[in-house]
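**Q** Please find one structure pasted underneath; my questions will follow.
All of the numbers you see were taken from the coordinates with simple rules; none came from a lab. Keep in mind it's a predicted model, so treat the numbers as computed, not measured. Cβ sites come from the backbone with ideal geometry, for glycine too, and all protein chains shown count toward neighbours.
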Amino acid sequence: MPPAIARRALLAGALALPAAARGATPFEDAAAMAEALPHLRTLIVARGGRVLLEKVFRGPGLDRPANIKSASKTVIATLAGIAIGRGVLQGLEQPIGPILGSTIPREADPRVRGITIGQLLSMQAGLARTSGTEYGRWVSSRNWLRAALMQPMEDVPGGRMIYSTGTSHILGAVLARASGHSLHRLARDWLGSPLNITIPDWPRAPEGLHFGGNEMLLSPRALLTFAECWRNGGRHAGRQVVPADFVPRAWTPQARSAWSGQMYGLGWWIAEARGQPVYFAWGYGGQMAYVLPGLEASVVITSNPEVPRANGQVHQLHDLLMERILPAVEAA
């Protein structure tokens, strides 16, 4: 069973009182708690395809592209699932060596060539991470793909989870090489067009590849459409956008983060809240897309992505979801 989302007593006073005690509706109560979080910018709550709460507290509006930070990894994972469905990739067990070919440095650990698509998706490639304290050094390199492929092996491929933006960047390079198209074109054609959302171009690495795993831009409403597609089993407007069989595979726990304790599937974090399974995309600073199939609900939150040491804010957002948003959805 996935671990419950961490709960912390972060807000006190009147905000901690039940909604009925203050004469507020459950959604007004949720909005009040959200507004009290100083870096939170937008909040959208939908159930059964109907928007129940939509608020802009500060920053850009609901239709303005926002930097979703590492929630980009979930989008890249979705593109990988679509690539498998279209035959661009052979499957989760396909090794990356034949796809990347001479792009893999000769000096790289020989095991790199045997890393599979599935191991990239589940962050079980075995390569040392390029996130956290290693992120600055990695993005300062002249070739991010080479630097990611040259990371030392800290575990065997398929071993423990090592969360790394470099691993996701390798996946992006695999998608571009296998398809013959840029990552942005794939995102635009395979997701933007069928979902009727705008996916603007986003930064490239020094070697010319689009950043695979960070800095993507989606408006809050576009991110909700993406989340709703997943909630609907990969379908949107009667069209199967994400292969139906990839959805349950992506939502099956593969490994656990040693840092957060959360379970991870294929590009999605997996947890439990109020007895309901929760699948979520998570970006630095509080860029969140929660999907709760059992409640037919999706929740999108965007926040200031530039707040130093903002990773702790995710606990506040989990509390917001559990203590205010879910009770409001259940009562709706």
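**Q** Test of the criteria: in the range 274-332, which trypsin sites (Lys or Arg not before Pro) are in a DSSP loop and have at most 12 other Cβ atoms within 10 angstrom of their Cβ? Working shown, then result.
**A** Working: sites: Arg274, Arg309, Arg324; in loops: Arg274, Arg309.
Hits after loop and neighbour filter: Arg309.
**Q** Still on this structure, I have one more. For the range 64-78, in order, what is each residue's ³J(HN,Hα) by Karplus, 6.51 cos²θ - 1.76 cosθ + 1.60 with θ = phi - 60°, in whole Hz (x at glycine and Pro)?
**A** Along the range 64-78, the couplings run 8, x, 10, 6, 8, 6, 6, 4, 4, 4, 5, 5, 4, 4, 5 Hz.
**Q** What does the helix-only formula give at 222 nm for the chain: each DSSP H stretch with n ≥ 4 adding -39500 (n - 2.57), the total divided by the residues, and the result rounded to the nearest 500 deg cm²/dmol? Write down the numbers at each step before the final one.
**A** Values: 13 runs with 100 residues, N = 332.
After summing the helix terms and dividing by residue count, I get -8000 deg cm²/dmol.
**Q** On a C-alpha basis, how far is the centre of the range 266-332 from the centre of the range 162-197 in Å? Whole number, if you could?
**A** 24
**Q** A further question follows. Expressed as an acute angle from 0 to 90° and rounded to the nearest 10, what is the orientation of the C-alpha long axis of helix 26-35 relative to the principal long axis of the chain?
**A** Tilt of helix 26-35: around 60 degrees.
**Q** Something else: Dipole magnitude of the chain about its Cα centre, charges +1 at Lys/Arg Cβ and -1 at Asp/Glu Cβ only, in debye to the nearest 20? Before the final figure, lay out each step's value.
**A** Numbers: 33 positive and 23 negative charges, 72 e Å.
For this selection, approximately 340 debye.
**Q** Based on Cα positions only, what radius of gyration and what Dmax would you give for the chain, in angstroms?
**A** Rg, Dmax (Cα atoms, Å): 19.4, 67.
**Q** With 10 angstrom as the radius, rank Ser182, Ser193 by how many other C-beta atoms surround their C-beta, starting from the fewest. Provide the component values of the computation, followed by the final result.
**A** On the way: Ser182 17, Ser193 12.
Lowest to highest Cβ neighbour count: Ser193, Ser182.
**Q** Now for a different question. Which of Met322, Met33, Met216 comes first, and how do the rest follow, when ranked by fewest Cβ neighbours within 10 Å? Don't skip to the answer; put the middle values down first.
**A** On the way: Met322 18, Met33 22, Met216 31.
In order of increasing Cβ crowding within 10 Å: Met322, Met33, Met216.
**Q** With the cut-off at 1.5 for a/c, could you classify the range 58-145 from its C-alpha gyration tensor as rounded, prolate or oblate? Don't skip to the end; give the middle numbers.
**A** On the way: a/c = 2.42, a/b = 1.32, b/c = 1.83.
Taking the square roots of the gyration eigenvalues as a ≥ b ≥ c, the range 58-145 is oblate.
**Q** Exactly which trypsin sites (Lys or Arg not before Pro) in the range 132-167 are in a DSSP loop and have at most 15 other Cβ atoms within 10 Å? Don't skip to the end; give the middle numbers.
**A** Details: sites: Arg137, Arg142, Arg146, Arg160; in loops: Arg142, Arg160.
Those that pass, being in a loop and sparsely packed, are Arg142, Arg160.
**Q** Residue by residue through the range 162-179, which ³J(HN,Hα) values in whole Hz follow from phi under the Karplus form 6.51 cos²θ - 1.76 cosθ + 1.60 (θ = phi - 60°), with glycine and proline marked x?
**A** 10, 5, 7, 5, x, 5, 5, 5, 4, 4, x, 5, 4, 4, 5, 5, 5, 8
**Q** Fewest Cβ neighbours within 10 Å first, please rank Asp319, Asp189 accordingly.
**A** Working: Asp319 20, Asp189 15.
Going from least to most buried by this count: Asp189, Asp319.
**Q** Based only on Cα atoms, what Rg/Rh ratio does the range 252-322 have, Rh being taken as Kirkwood's radius?
**A** Values: Rg = 12.0 Å, Rh = 12.6 Å.
When Rh is taken as the Kirkwood radius, the ratio is 0.95.
**Q** What is the calculated FRET efficiency for Asp189 to Gln90, with r their C-beta to C-beta distance and R₀ = 22 Å, to the nearest 0.05?
**A** Between Asp189 and Gln90 the formula returns 0.60.
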